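> Starting off with a structure, shown below.
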Amino acid sequence: MKYRPHKHPPVIIAVGVIVLVCLARLSQFDSVDRLERMTYDGRARIAARFPQPVATNLGFVAIGDDSIAALNDGSLGFRFGLYWPRHIYGRVLRELSAQGAQAIAFDVLFSGPRYDQSPVPVAAAEWPDVPKFLEQLHPEQTATTFEDHGQTYTMVESDDYFAWQLKRSGMAILAAERGVLPLTLFATNAWSLGDIAAEADSDGVLRRARAFHDYRRWHPAFLQVAADKTFGVNLSRVRLEPGFVVLLRTNGLDDIKVPVDAQNNFDLAVFTSDPPPPGTAQRSKAFTVDRVWHMGIVLAARTLNLDLAAAEVDLPRGKIVLRGPNNVVRTLPVDANGFFYINWELPPTDPRLTADAFENLLRLDRLRLDGQGGGQTNFWKDKLVVIGSSATGNDLTDHGATPLEKSTLLVSKHWNVANAVITDRFIRPTSLGWELGLIVLLGILAARLSWQLQVLPGLLGVLLLTAGYAGVCVFLFVHNRFWLPLVLPVVGAILVNYVLLVTYRAVFEQREQRRVKSIFSRVVSPNIAKELLGRERLSLGGARCEVTVLFADVRGFTELTDTAQERAAETIRARKLTAADGEAAFNELARETLHTVNAYLATVADMVKKHDGTLDKYIGDCVMAFWGAPTPHRHHALTCVRAAMEAQRAIHELNRQRAAKNQANELENPARLAAGLAVKPLLPILALGTGINSGIVTVGLMGSDAHILNYTVFGREVNLASRLESISGHGRIIIGETTYQQILRDDPTLAATCIEQAPTTPKGFQKPVRNFEVPWRLPAATNAEA
């Protein structure tokens, strides 16, 4: 089991980050949304480099600076300033209709009547039923006619002319915007209305469009009140209350509260003191609601025959379903307010978009009227045409920012929306549930990579996770227009998780290094301690591994203790010391004994650490050590045996020095006696018996942080090493069969010197075990002893 003293803090950090990121998503912070929209723009620009198939029947008639100049210089047969009479639009509509256009959408508002325009002479040959049409429009008026060169002409008001062309074409779509509807004269003769509102995001970039707007068409009595400036009423600022329509007034005037019933009907007498004429309705609806769809959707509905009146609008579930014949279905992904993202695929300069100039169509119309055929009669056949402005520097300017460009023609939103509906390729943002799921998933992956891998592999893993997810986001957007969120999953779930976990890990590892150092600095060599501190993971909690165990017992310690006790007691009796002095004598003896044993034990411990062993513990006058843990050691058996041999030689050298000291003391003591001084005691000479065995053991920390921790080993092979030490005698090294086999593999020369002993049955073992003695004396030392 991996050593994990602190499992919970990383989990708490990861869970906390994930929860906070999810809350940030639910809170919809504007700064986060702004960054996400920037990533959206980047993906849109990348997608633009990989063009997708588009609808081939989309077109644009541009009202540009050249159009304004041509109408101003008289080259088209008439001269007008910037604000053209509406029959000009009727003439272009007539030409497009003649060329077979499928639908014509005007990105131009025709909201009110124009009284500053001269009537237009219309030849009877051009419009045979003009008198009948005018009579329907103005039954109280008589049309003005005149003769010229054998032709009968009727003078037609410019607005009436445009209304006639709208009715005649039967396919025109007029614009509505922000509560402003077309003049009723136009609206009733047009095929449909289309909303042209451009609602940019807070950063000024147009990314979205509203699928539809609901417009209130007010009763004429309300319109009359609004037109009278003395009332100070603006119908765009109306508050609806139960049973009342409240007209908010300016200049501190009291609001007007008009009573209405449950069906929104009001009493006409509210606005007049005169009784209504007999037989007329006394109650009428205050307003009716007209749903006007986005102009691009209306264009697509024209070619797909979608039934917009039967649209299934389900804003809570984020969809609008449009159906047409032959099982044609389009599901528009929208938010709770009805907005959808525009799939910008056709910029105004795209060659796949049919395009021409407004003035060119006026020239073709004039040629057609002159009997010259109009030239390219099929150029606009079956096209969905948008008429809008491309002019600069005047009231017709309609430029703005989109995800693709900082400044482009915003009229392009209409054919891009139409293209998305026709091709059924919409921008599909991720649902809230999927966003939260992605945050949780990526947060978990980032936490695992950050905590379980080493620092550099973890960093590489997090970077690969980030790059991989970003790549998936771009791929899905480019090929499927599927918009996965980037900012919160990457910055929040991945990077914040990584930074916090790595920071915690750095603090934790420094604390853990101090802990490891405190445990091992006294029991292993500096090299092993340095290696442990540099490790990413330590298996200290308990593991099975192969080690070689050494028990080295200082022989003669018990005899030394007994002899010293007797000598101290004899001294107390001979000198008749008091109890206090006697206790002091025993304490002095204890210090000398401990000093002696420590000298021998320290000698053995020094050899253990010199050969990179782990000093386990002191058991009385015995040293226990092992090789192979906590750091693996391929030649642990050979290294242990060499350490034991060097320990025996070091003890032998220590004994030689102590023997030499004793000889010097023996020569000096007679003189000290003669001088009445205390003789110098002889230093004890002790031996070392060593038992070694190799095998699989359990190794780990025993104890608790609150008390004493000991890194130790235990198991059958440990017990055998202890038993071998007990039969080793004085100055001998006895090893088990497994240790011998490993020495035979790693150092055959040393193995050849080992002497097999008679098999022995140690205490606690059922069968005899083979054992070998390892000679440790150098040839020079052997000859000297001989």
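> Using DSSP, restrict attention to beta bridges with both residues in the range 92-250 and report what percent are antiparallel, rounded to the nearest 5.
Roughly 70 percent of the DSSP beta bridges within the range 92-250 come out antiparallel.
> Please give the per residue accessible area of the chain, computed with a probe of 1.4 Å over protein heavy atoms only, in Å².
Numbers: 39270 Å² over 786 residues.
Spelled out: the 1.4 Å probe surface of the chain, per residue, equals 50 Å².
> With a 1.4 Å probe and all protein chains left in place, how much of the accessible area of the range 610-677 comes from carbon and sulfur atoms, in whole percent?
Numbers: 1800 of 3210 Å².
Here carbon and sulfur together make up 56 percent of the probe-accessible area.
> Between GLN663 and THR397, 0.36 nm times their residue separation minus their Cα-Cα distance comes to what? Don't skip to the answer; put the middle values down first.
Working: separation 266, 0.36 × 266 = 95.76 nm, distance 11.71 nm.
Length difference between fully extended and current span is 84.0 nm.
> Can you run phi through the Karplus equation (6.51, -1.76, 1.60; θ = phi - 60°) for the range 131-138 and list ³J(HN,Hα) in whole Hz, with x for Gly and Pro?
In residue order, the calculated couplings are x, 4, 5, 5, 5, 5, 6, 10 Hz.
> Using only alpha carbons, build the gyration tensor for the range 378-466 and give me the equivalent ellipsoid semi-axes, biggest first, whole Å. Could you put the intermediate results ahead of the total?
On the way: eigenvalues 457, 66, 27 Å².
Whole-Å semi-axes of the equivalent ellipsoid: 48, 18, 12.
> What percentage of the solvent-accessible surface of the range 1-147, computed with a 1.4 Å probe over protein heavy atoms, is contributed by carbon and sulfur atoms? Present the calculation step by step, with values, prior to reporting the outcome.
Working: 4510 of 7670 Å².
On the range 1-147, the fraction of accessible area on carbon and sulfur atoms equals 59 percent.
> Something else now. Give me a comma-separated list of calculated 3J(HN,Hα) values for the range 485-492, in order, Karplus coefficients 6.51, -1.76, 1.60 applied at θ = phi - 60°, integers in Hz, x for any Gly or Pro.
Computed from phi, the couplings for the range 485-492 are x, 10, 5, 5, x, 7, 5, x Hz.
> If you take every DSSP beta bridge whose two residues both sit in the chain, what share of them, in percent to the nearest 5, is antiparallel? Don't skip to the end; give the middle numbers.
On the way: 81 of 109 bridges.
Counting DSSP beta bridges with both partners in the chain, the antiparallel share is about 75 percent.
> Grab the Cα-Cα distance for THR331 and ARG649, subtract it from 0.36 nm times how many residues apart they are, and report the gain in nm with one decimal.
On the way: separation 318, 0.36 × 318 = 114.48 nm, distance 9.07 nm.
Contour length minus the Cα-Cα distance gives 105.4 nm.
> Size of the dipole of the range 1-145 about the Cα centre, Lys and Arg at +1 and Asp and Glu at -1 on the beta carbon, nothing else charged, in debye to 20? Present the calculation step by step, with values, prior to reporting the outcome.
Values: 15 positive and 14 negative charges, 298 e Å.
That gives a dipole near 1440 debye.
> From the list [x] 42.8; [y] 37.3; [z] 65.8, can you say which value of mean projected area of the Cα convex hull in nm² was derived from the structure given?
[z]
> While we're looking at this one, here's another question. Filter the cross-link list LYS576/LYS661; LYS167/LYS381; LYS319/LYS413; LYS167/LYS383; LYS610/LYS763 down to pairs whose alpha-carbon distance in this structure exceeds 22 Å. Spell out each step's value before the answer.
Working: LYS576/LYS661 30 Å; LYS167/LYS381 19 Å; LYS319/LYS413 20 Å; LYS167/LYS383 19 Å; LYS610/LYS763 32 Å.
Over 22 Å apart, Cα to Cα: LYS576/LYS661; LYS610/LYS763.
> Hey, if you put +1 on the Cβ of every Lys and Arg and -1 on every Asp and Glu Cβ in the chain, which of VAL11, THR423, ALA584 ends up farthest toward the positive end of that dipole?
Comparing the listed Cα positions along the dipole, ALA584 ranks first.
> Taking amide H atoms as placed 1.01 Å from N in the peptide plane, list the residues 5 or more away in sequence, or in a different chain, whose amide H sits under 5 Å from that of LYS319.
Under 5 Å from the amide H of LYS319: ASP314, VAL334.
> What residues qualify as long-range amide H neighbours of ARG207, i.e. H under 5 Å apart, gap of 5 or more or another chain, H built at 1.01 Å from N?
Sorted by chain and number, the residues that satisfy this are ASP201.
> Of the listed peptides 759-769, 59-69, 408-418, what is their order by residue-averaged count of other C-beta atoms within 10 Å, with the highest listed first? Spell out each step's value before the answer.
Values: 759-769: 11.5, 59-69: 20.6, 408-418: 25.5.
Highest to lowest by the protection proxy: 408-418, 59-69, 759-769.
> Among DSSP bridges having both ends in the range 244-360, what percentage is antiparallel? Round to the nearest 5.
Numbers: 16 of 16 bridges.
In the range 244-360, approximately 100 percent of DSSP beta bridges are antiparallel ones.
> Leaving out ligands, DNA and RNA, and with a 1.4 Å probe, what % of the accessible surface on the range 716-763 is carbon or sulfur?
Numbers: 1210 of 2370 Å².
That fraction is 51 percent.
> Quick one: dipole size for the chain, taken about the Cα centre, charges +1 on Lys/Arg Cβ and -1 on Asp/Glu Cβ, in debye to the nearest 20.
Details: 83 positive and 80 negative charges, 655 e Å.
Rounded to the nearest 20 debye, it is 3140 debye.
> Provide the per-residue ³J(HN,Hα) series for the range 329-346, in order, calculated from phi with Karplus coefficients 6.51, -1.76, 1.60 and θ = phi - 60°, each as a whole number of Hz, with x at glycine and proline positions.
Here the 3J(HN,Hα) series is 9, 10, 10, 8, x, 10, 8, 5, 9, x, 7, 9, 8, 6, 8, 6, 10, 10 Hz.
The values are calculated or read from the model by the stated rules, or taken from the named source; none is laboratory data. All values derive from a computational prediction rather than experimental measurement. Heads up, the Cβs are rebuilt from the backbone with ideal geometry, glycines too, and the neighbour counts pull from every protein chain shown. Side chains included, ligands, DNA and RNA excluded: accessible areas come from the protein's heavy atoms. Shrake-Rupley method; radii C 1.70, N 1.55, O 1.52, S 1.80 Å.
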